Amino acid sequence: MRRFVIGVDGGGTHTRAVVLDESGRELGRADGRAAVADARTPRTAADAVADVCAAAVAAAGRSLPVDSLWAGLSGAGREAARSAVQMELTRMGVASEVRVDTDVAAAFHDAFGDGPGILLISGTGSIAWGRAEDGRQGRVGGWGHHIGDEGSGYAIGLDALRRVARHADGRAPQTHLQGLVLDHLGLERVDGLVHWAAAASKAEVAALAAVVADASERSDEVAGEILVHAVEELEGHVLAILKSLGPWEHPPTLALAGGLLRPGRPLRAPLLSLLGRHRLPVLNRPLDPATGAARLALRGLDQRPLPL
């Protein structure tokens, strides 16, 4: 009897699922809505994961349940959130075995498997994760948008809102950001930002990073300053991981992931330029965390006996 697994990568803006057979061959994939693990509302993330899994197995010409599901979700670093979503997915019968862990773990496995390296993610949020040559692991960042997420889309968007407010007060230089932000949000007046920001989701604030990048391309100095600050924060993440997991016999490979660090995105080139002095080799391929998650699901299958 052939067995099938699903790997899921879920974050603050979208979710992706990949179906593999037991030989590791990809059979189908699908994208879906955001899935963030939250102990208060685990069903929300579980429903999003179940829907994208159903779409992926349909694309593969199969149906649920599969033998194993490994879901890497934003927010799953907290035990209560991870366990609550895992229980919901188990109850829903998406797979015979269900494992929920972090989206960072899925991306790291796709990049390095069981080997050493450093992964830096900047998307809606931000985090750096590393594994040393002797197996020690460490992280920098990942503290959430209230007290962390430096260098992320959320941090950039929030900085833009603050700069617009300061400009409106006469406390900051002239910037194109005010008009661009108001146009993006469909607002006529700056004071409308107060109500919008109070009700905005993390992803909605992070989406303003694209507005900042647009303004920077128009040579707006304020927008440029925001992006430079974000890049410096991300460099700090990498340097902290290098120090905490060192000394290194060989310079670790650096993998970049997240919407702001993909090729052609606004933070990648300046960050690589800044990190060039540290002579870190860079993994020059796009990461596919959902495939990393699916391979972790396969690993679980390898530890189970075949059904009679």
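Report, to the nearest 10°, how far helix 208-217 tilts away from the longest principal axis of the Cα atoms in the chain, using its own Cα long axis and a range of 0 to 90°.
Relative to the chain, helix 208-217 is tipped by roughly 50 degrees.
Using every alpha carbon pair in region 202-308, what percent of pairs falls into each 5 Å bin from 0 up to the bin containing the largest distance?
2, 9, 15, 17, 15, 14, 10, 7, 4, 3, 2, 1, 0, 0
Arg40 versus Arg62, label points 7 Å from Cα toward the beta carbon: distance in nm?
3.6
In debye, nearest 20: dipole of the chain around its Cα centre with unit charges on the Cβ of K, R (+) and D, E (-)?
Dipole about the Cα centre, nearest 20: 500 debye.
Enumerate the amide H contacts of Glu97 below 5 Å, restricted to partners 5 or more residues apart or on another chain; note that Pro and chain-start residues carry no placed amide H.
Amide H neighbours of Glu97, under 5 Å, 5+ apart: Ser68, Leu69.
Multiply the residue separation of His229 and Ile147 by 0.36 nm, subtract the distance between their alpha-carbon atoms, and state the gained length in nm to one decimal.
Stretched fully, the His229-Ile147 segment lengthens by 27.9 nm.
Describe numerically, in nm with one decimal, the distance between label points set 7 Å from Cα along Cα→Cβ at Leu239 and at Glu217.
3.0
For the chain, modelled as a GNM with alpha-carbon contacts under 10 angstrom, which of Ser122, Ser244, Ser273 fluctuates the most?
Evaluated over the chain, the most mobile residue of the options is Ser273.
If I stretch the segment between Glu26 and Ala198 completely, what's the gain in nm (0.36 nm per residue apart, minus their alpha carbon distance), one decimal?
57.7 nm
Most mobile of Gly144, Gly75, Gly157 per a Gaussian network model of the chain (Cα springs, under 10 Å)?
Largest GNM mean-square fluctuation: Gly144.
Most fluctuating residue of His278, His176, His14 in a GNM of the chain with Cα springs under 10 Å: which is it?
Fluctuation is largest for His278.
Could you tell me the calculated FRET efficiency between Arg2 and Leu272, based on Cβ-Cβ distance and R0 = 45 angstrom, to the nearest 0.05?
0.60
Once you place label points 7 Å from the Cα toward the Cβ at Arg91 and Arg136, how far apart are they in nm?
4.2
Taking just the alpha-carbon atoms of the chain, what radius of gyration and Dmax come out, in angstrom?
Spelled out, the Cα radius of gyration and Dmax of the chain are 20.6, 74 Å.
Give the residues of region 41-72 whose amide nitrogen is closer than 13 Å to a point set 7 Å from the Cα of Arg33 in the direction of its Cβ.
Those under the cut-off are 43-52.
What is the antiparallel percent of DSSP beta bridges lying wholly in region 117-252, to the nearest 5?
100
Would you mind telling me the antiparallel percentage of the DSSP bridges in the chain, rounded to 5?
Approximately 55 percent, going by the DSSP bridge assignments.
Assigning unit charges at the beta carbon (Lys, Arg +1; Asp, Glu -1) and nothing else, what dipole magnitude in debye, to the nearest 20, does region 60-188 show about its Cα centre?
240
So which trypsin sites (Lys or Arg not before Pro) in region 258-293 are both in a DSSP loop and have at most 15 other Cβ atoms within 10 Å of their Cβ?
Filter output for region 258-293: Arg279.
Could you state the principal axis extents of the C-alpha atoms in region 117-252, from the largest down, to the nearest angstrom?
Cα spread of region 117-252 along its principal axes, largest to smallest: 57, 30, 22 Å.
We did not get these values from a lab; they are worked out from the coordinates using the rules stated. Fair warning: this is a prediction, and the values are worked out from it, not measured in the lab. No Cβ is skipped: glycine too gets one built from the backbone with ideal geometry, and neighbour counts run over all protein chains shown.
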